[in-house]
Amino acid sequence: MQRTTKIAATVAAAALVVSVASACSSSKGSSGGNTGTAVNPADTIKFNYGTTGVVNPSTKKGGTLVLGGTQDLDSVDPVNQYYAYSWDFSRYYARTLMTYKVGAPGAQSTTLVPGLASAAPTASADGLTWTVKIRSGLKFSNGEDITSKDVKYAIERSYAVDTVNPAGPEYFANILTDTSYPGPYKDKAADHLGLKGVDTPDDTTLVFHLSAKYGDFPYVLTMPQTAPVPIDVDSNPSTGGLNYTGTKVVSSGPYMISQYTAGKNMTLVRNPNWSAASDPTDPALPNTITVKTDWDPNQLDAALLAGTVDAEYDGGGLQTADVAKALDNPNQKKYTDNPAANATRYVTIDQDVAPFNNIDCRKAVAYALNKVDLISARGGSVAGAKEANTMLPPGVPGHTDANPYPTGPDNKGDIAKAKEELQKCGQPNGFSTGIITVNAGKGPGFATALQAALARVGITTQITQVEGSKYYSQNLQRPDVMKSKGLGLGAAGWGPDWPTGFGFFSQITDGRLLSATSSGSNYGRLNDPKVNSLLDQMKASTSSAQTAQLAGQLDTQVMSDAVYIPYGYDTLLIARGKNVTNYYLTNAYNGEVDLAALGTSVGSS
Amino acid sequence: MTVPKTAADAAAEVGAPETPGARIEGRSLGRIAWDRFKRDKIALISGGFILLLILVAIFADVINHAMGLDPNSFNGGLVDPGTLLPIGARGGMSLAHPFGLEPVNGRDLFARVVWGVRPSLIVALAATAVQMILGIIIGSIAGYFGGWTDGILSRITDIFLAFPILIFLIAIGSIIPSRAFGLGAYGVHLATMIVVIGIFSWAYQARLIRGLVLSLREREFVDAARLLGARPGRIIFREIVPNLASPILVYTSLAIPANIVLEAYLSFLGVGTPLPYSSWGQMLSNAVDFYQVDPTYMLIPGLAVFLTVLAFNLFGDGLRDALDPRAGR
């Protein structure tokens, strides 16, 4: 999914930030590992403990959990969500068929477990039919029963790309048979259940019909689009369709939305019709959850470090100045974690913009990159990124430590090799092209760093800055625009939709998804038959070992095409509040905090 | 009967040497003003500073080359990779880098400040020129003719006075093309700022000029010119306006700092000088994120803007005192 970054303020509010680094209990220097359950919570308040262990473990229920962020969810309606943090957050009120284990930090955080489903889905021998049974006796927050038909209806809503799902994933439309289904609002069937790709033989069974083998299908069932939506509520024009948002969203999870003001705040309270007995995955510790969605980034950092906010839900991390302060102050540093965000930052080269149709010219760019400066522009070696030489990030099985375009012993660029490539491509004195970037946040810094690096080999560049909201839809994804503006180079980042090689590569490297007017997420317009064939093999594979091996081969092949040049694997420096319990970062949502696990140590029930 | 003046009084009045017996020379208005100006130390210092700035703007590249510094090259090795702050106290100040370094990319601040004088001065001086020329033309026509002409021009002046220039500039800034009329991005940005600032700021000067022309047009020399058959155009631009040289000069020197600040605002908001060229406003904008951990980065361009604006203001005051000591009392 798109890597979202915190929106940095371009107009500085002269906010005086007083960061209170209150020295509460100093952490005793005991060698606390996460050995079993007998860990003293005070020993877990350490720098970076949350990436491999649970910080401040506690079974205490009750209280009010205070969450903060600088952006609202991209959609409250689960069908239209594509941000990692929205997927993480919606587990409070939208229970999906499969989900990730809660309470398991580090490597275990991507363990798939049944959610709404009573057991993992089973596939037929030919892999084209998958059967899932859901638990019985479940109820929505409005008292209605949850049946398999509500789940089928929710999946049908993902087909309505002209109404409720303009920006969310469309995996079901690509995977299931019946590709021409127009969505439930144009459905001819009276019961709105006309999708032939899904059958509901009884109230607790779903049968999926796939058009081809798809080994990662259980991961697809973790998407919020599989959370049930009551058919009568959504069919009613006043509460359904585009009105199905905010407090009108009917919950199937442990909490329900009791108040919502778009772009400002949200409150969740316990769902009276949810029972812990029917949901072994959700601890649901707090009684109330309050969310403020319009924090100024610097003030949010101060609030987290002061303890007035328990956790940041949008995965943005500390701002640059606060990173410097936190790293230098041990009392603040112990309240921060430095997870890998499982996402790759790369320079995307448009093959249609001359002279990048010649692979040697592209390789010249690859050798000329100054990865140290690019990583500084992204936030530095701690809070920005770790150096990357291949596309697959370390958290995805199949990652290799290869380095097809070494940029010198200090990673500041191999000028000699770059010039050699320029000779080969017929541009010995360099050439001129355009860089496109976002005009806020880390965009300008990236562009100037790239410009300075390429200038050393004679490649002169002009920087075009555009607004964030127009960056993809009107520029990077539009081959005609890129070509007419002469934009050969762009900034891109990508994290896997689910933690497998296929989940990472399918959207950004499949040449068959390209159209003349849109590049989708394949900005470089890569269309390599070897890549496409490896993708097909990965798609059908049901063995994770085989998928990992294929992913490694795919990475090597994509790198040899020199259309995407990676330079960093995203990391974050993220602060946690003093009162939050059971805090850890999960690889399931790109290194963000596992919101479902959180509790609070203060406040009465 | 007139009281006979002493030799000293007479000398002081016409600026002649006070030594008795020396030849008394006639002094022009400019010479008198210059002598008065010379005595004002503050104005002299400010004038010298402005001259220095102009020289720096012209020779920015030479100066940077001589110091061995470049405004756009990165010094990633001089910045801590974790905190992204310059290594060393006071923002990385050292003999090699007298003003310190930029966080994140380690670009030298001395070179960037020196280079940044150019856009500030170019925009300020050129926009002021446009502004003054428009203001003089429109103000003097309105003041001289009166009647309908004055009525219409004054209403137009009011409209432009009320225009929210900052908002308009921000809006224009986001649609400036990267290339036009053979100029690169840098040239296009500067040209746009000059044209827009000039076109929307003339109203204040026009009002002032109009008032002055109104008071001058009843004077005898104007009547004399009219009687001799001079056409209005000649009267306005050859008789009246040259008499306004002093106030025009003063308004000009006071408009320049306002435009320097305006250019800094625009660069601060991101619509001014494009990447990667430096400009003081843009440096200030970046520095806001770092002021708690690297205050030097904000102080340096802040001081530059402050001193420049102060210099122009004091110079303008000194100029006004020298040309017409009775004004402003």
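The values are calculated or read from the model by the stated rules, or taken from the named source; none is laboratory data. The model shown is predicted, which means the values in this text are computed figures rather than measured ones. Cβ sites come from the backbone with ideal geometry, for glycine too, and all protein chains shown count toward neighbours.
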Please specify each residue of the stretch B:212-233 satisfying the condition of being surrounded by 12 or more Cβ atoms within 10 Å (Cβ to Cβ) and closer than 16 Å to B:S140 by Cα. B:L212, B:V213, B:L214, B:L216, B:R217, B:R219, B:V222, B:P232
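Okay, residues lined up against (1) under 24 Å from A:L112 (Cβ atoms); (2) at pLDDT below 90; (3) buried (at least 23 other Cβ atoms within 10 Å of the Cβ):
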site: A:N475; (1), (2), (3): no, yes, no
site: A:S484; (1), (2), (3): no, yes, no
site: A:L489; (1), (2), (3): no, no, yes
site: A:A492; (1), (2), (3): no, no, no
site: A:F502; (1), (2), (3): yes, no, yes
site: A:G520; (1), (2), (3): no, yes, no
site: A:P529; (1), (2), (3): no, no, no
site: A:M538; (1), (2), (3): yes, no, yes
site: A:S544; (1), (2), (3): yes, yes, no
In the stretch A:335-351, the residues that are over 30 Å from A:S484 (Cα atoms) and part of a loop (DSSP other than H, G, I, E, B): A:Y335, A:N338, A:P339
Exclusive hit being in a loop (DSSP other than H, G, I, E, B), surrounded by 16 or more Cβ atoms within 10 Å (Cβ to Cβ) and among the polar types (S, T, N, Q), set A:S180, A:S141, A:S109: A:S141
Unmet requirement for B:P247, which otherwise passes all of (1) touching a residue at least 24 places away in the same chain (Cβ under 8 Å); (2) within 14 Å of chain A (Cβ to nearest Cβ): (2)
Some residue of the stretch A:228-237 being in contact with a strand residue (DSSP E or B) (Cβ under 7 Å, 6 or more places away or on another chain) and either assigned to a loop (DSSP other than H, G, I, E, B) or not assigned by TED's automatic domain parsing to the domain that holds A:G127 (or both): no
Provide a single number: the residues in the stretch A:80-94 that are more than 15 Å from A:E592 (Cα to Cα) and at pLDDT 95 or above. 3
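So that you can scan it fast, the table gives a plain yes or no per residue for (1) within 14 Å of chain B (Cβ to nearest Cβ); (2) touching a strand residue (DSSP E or B) at 6+ places or on another chain (Cβ under 9 Å):
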{"residue": "A:W295", "(1), (2)": "no, yes"}
{"residue": "A:G315", "(1), (2)": "no, yes"}
{"residue": "A:T320", "(1), (2)": "yes, no"}
{"residue": "A:D328", "(1), (2)": "yes, no"}
{"residue": "A:G379", "(1), (2)": "yes, yes"}
Failed item, numbered, when A:T247 is tested on (1) touching a residue at least 24 places away in the same chain (Cβ under 8 Å); (2) out of contact with any helix residue (DSSP H, G or I) (no Cβ under 8 Å at 6 or more places or on another chain); (3) outside any loop (DSSP other than H, G, I, E, B): (1)
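Considering only the stretch A:376-395, state which residues are hydrophobic (A, V, I, L, M, F, W, C) and farther than 21 Å from A:T348 by Cα.
Answer for the stretch A:376-395, where residues must be hydrophobic (A, V, I, L, M, F, W, C) and farther than 21 Å from A:T348 by Cα: A:V382, A:A383.
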Just need a number here: residues in the stretch A:57-92 that are in contact with a Ser or Thr (Cβ under 6 Å, 6 or more places away or on another chain) and part of a loop (DSSP other than H, G, I, E, B). 11
Which numbered condition A:S533 misses (of (1) more than 19 Å from A:P355 (Cβ to Cβ); (2) within 23 Å of the chain's Cα centre (by Cα); (3) modelled with pLDDT of 90 or more; (4) among the small types (G, A, S)): (2)
Filter the stretch B:278-303 for residues that are of a type outside the set (A, V, I, L, M, F, W, C) and facing chain A (nearest Cβ under 10 Å); which is nearest to B:L125 (Cα to Cα)? B:Q282
Going residue by residue through the stretch A:39-56, is there one that turns out to be part of a loop (DSSP other than H, G, I, E, B), at pLDDT below 85 and surrounded by 16 or more Cβ atoms within 10 Å (Cβ to Cβ)? yes
For residues that are within 12 Å of A:A368 (Cα to Cα), within 28 Å of the chain's Cα centre (by Cα) and within 10 Å of chain B (Cβ to nearest Cβ), tally how many sit in the stretch A:419-455. 1
Among the residues of the stretch A:283-290, are any modelled with pLDDT under 95, in contact with a Phe, Trp or Tyr (Cβ under 9 Å, 6 or more places away or on another chain) and of a type in the set (S, T, N, Q)? no
Residues that are crowded, with 23+ Cβ neighbours inside 10 Å and either in a loop (DSSP other than H, G, I, E, B) or modelled with pLDDT under 95 (or both): does the stretch A:396-404 have at least one? yes
If you check every pair at least six apart or on different chains, which have Cβ atoms under 6 Å apart with a residue in the stretch B:89-101 that is modelled with pLDDT under 85 first and a residue that is part of a loop (DSSP other than H, G, I, E, B) second? B:G91/B:G100; B:G91/B:D294; B:G92/B:G100
Residue that is surrounded by the most Cβ atoms within 10 Å (Cβ to Cβ) [pool: residues in the stretch B:58-70 that are away from chain A (no Cβ under 11 Å) and not in a helix (DSSP H, G or I)]: B:L69
Using the structure shown, decide if A:K386 is assigned to a strand (DSSP E or B) and within 14 Å of chain B (Cβ to nearest Cβ). yes
Per the filter on the stretch A:224-243, residues out of contact with any Leu (no Cβ under 9 Å at 6 or more places or on another chain) and either surrounded by fewer than 23 Cβ atoms within 10 Å (Cβ to Cβ) or hydrophobic (A, V, I, L, M, F, W, C) (or both) are A:V229, A:D232, A:V233, A:S235, A:N236, A:P237, A:S238, A:T239, A:G240, A:G241, A:L242, A:N243
Within the group A:G458, A:G495, which residue is closer than 26 Å to B:N75 by Cβ, in contact with a helix residue (DSSP H, G or I) (Cβ under 8 Å, 6 or more places away or on another chain) and away from every other protein chain (no Cβ under 14 Å)? A:G458
Members of the stretch B:46-68 that are touching a residue at least 24 places away in the same chain (Cβ under 8 Å) and either touching a strand residue (DSSP E or B) at 6+ places or on another chain (Cβ under 7 Å) or under 21 Å from B:V309 (Cα atoms) (or both): B:S46, B:G47, B:F49, B:I50, B:L53, B:I54, B:V56, B:A57, B:A60
Enumerated helices (runs of 4 or more DSSP H) restricted to the stretch B:235-329, each holding at least 2 residues that are at pLDDT below 85 and under 22 Å from A:N298 (Cα atoms): B:245-269, B:280-287
Residue hits (the stretch B:138-170; aromatic (F, W, Y) and more than 16 Å from B:L208 (Cα to Cα)) are B:W148, B:F163, B:F168
Please determine whether any residue of the stretch A:461-473 is modelled with pLDDT of 90 or more and touching a helix residue (DSSP H, G or I) at 6+ places or on another chain (Cβ under 6 Å). yes
Which one is nearest to B:D294 (Cα to Cα) among residues in the stretch B:83-99 that are more than 13 Å from every other protein chain (Cβ to nearest Cβ) and not in a loop (DSSP other than H, G, I, E, B)? B:R90
